[in-house]
Amino acid sequence: MSVRFPWVVFLIGAWLMTACSDVQVDAGANGGANAGSEPAAIERPRYALAIHGGSGVIERGSLDPETEAAYLRTLEEALAAGERVLEQEGTALDAVVAAIVVMEDSDLFNAGRGAVLTHEGTVELDASLMRGEDLDAGAVAGVGRVRNPILAARAVMEHSPHVLLAGTGADTFAAEQGLELEDNTWFRTERRRQQLERAIEQDQVRLDHDDDLGTVGAVALDVHGNLAAGTSTGGMTNKRWGRVGDSPIIGAGTYASNASCAVSATGHGEYFIRRTVAREVCALMEYAGLDVASAARQVVHDQLGPMGGSGGLIAVDHRGNVVLEMNTPGMYRASVRSGEDPIVAIFAR
Ligand code: ASP
């Protein structure tokens, strides 16, 4: 009895630790599962892709069935768009962009059209993209005209000597690159107008998560063994003074390195910047030798949680292990690995 009790405590503890995460790991990454027998051959999936549509106060029963179905459908579409690229041996970068464009184009998410509104009732969008192969990266912050900010982030990476462009200059650059522009009013929806009205009444700068929706992101491993990550958002409702969150900050909201993993985060950006969340997950793998699931858990639960930083992240490592980790009641998310059924989920449990 005295021997068995600690094991019961350990097993319950282990279950609780994983209650708020989805993990898809390769055959060799689950340690003890094959203990005592021949180690299983570690087969890396040909490709892996994970996406998120924001994390937050999304509890079972809080969404009406039609809304829930619409989210699940759009997540499936975004995942399928990214997977098509990977299946055809396209790059992780192309897959990440393809998935994010679908979510930016949907007015369900806090990105592109349908993003949250600033205090002045306008839309200011942030996005970033990073390639794990050569650590190349591009980002835009506070743009209000370019239809797909993730395409602008890509253009910054590929066609400018810079990493981050902001404000009207970034929109001008996007126009010069031939990207589609819209009037700022095109991005604004009635639902967001009402959300802003409530936030102003309550004198709050609100995370979209408090209102059930969120930022979007994607991470991928391609058949060539390369990783990429991207994130796109409208930031926080009722934000002022050109506030910029973590999403366009390389190392905070987005990071990718073939040496470790690709990460896209969603949550209260101020905390994610201070914790350099995306880079921290990679650094724990690179310097402390943690696997991607342990690194993500440590950052989300042990570092962000105690500070009050609510949110989550998705990550894929160079062996195709996929992690979707959050310290909130829910996160819109989906993932797929070659040869496996896709996972599409909203609630933490
Ligand atoms: N991280 C984003 C920001 O703080 C918000 C979000 O993830 O919904 O701007």
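Laboratory data are not the source of any read-out in this text; all were calculated from the coordinates shown. These figures come from a predicted structure and were not determined experimentally. Positions of Cβ are generated from backbone atoms using ideal geometry, with glycine treated the same way; all protein chains shown enter the neighbour counts.
Distances between every pair of Cα atoms in the stretch 164-299, grouped in 10 Å steps from 0 to the bin holding the largest one, split as 11, 33, 33, 19, 4, 0 percent. Separation of the stretch 229-297 from the stretch 134-151 is 16 Å, based on Cα centroids.
Each principal axis of the Cα cloud of the stretch 271-315 was evaluated for its coordinate range; sorted largest first, these ranges are 27, 17, 16 Å. As a rough guide to protection, the peptides 219-228, 151-160, 238-247, 190-199 ranked by mean Cβ packing within 10 Å, highest first, stand as 219-228, 151-160, 238-247, 190-199. In the stretch 298-325, which residues have a backbone nitrogen under 20 Å from the label point lying 7 Å from residue 343's Cα in the Cα-to-Cβ direction? Once the point is set 7 Å along Cα→Cβ of residue 343, 298-302, 311-325 turn out to lie under 20 Å by backbone N, inside the stretch 298-325.
Taking each residue as 0.36 nm, the span from residue 72 to residue 274 lengthens on full extension beyond its C-alpha to C-alpha distance by 69.5 nm.
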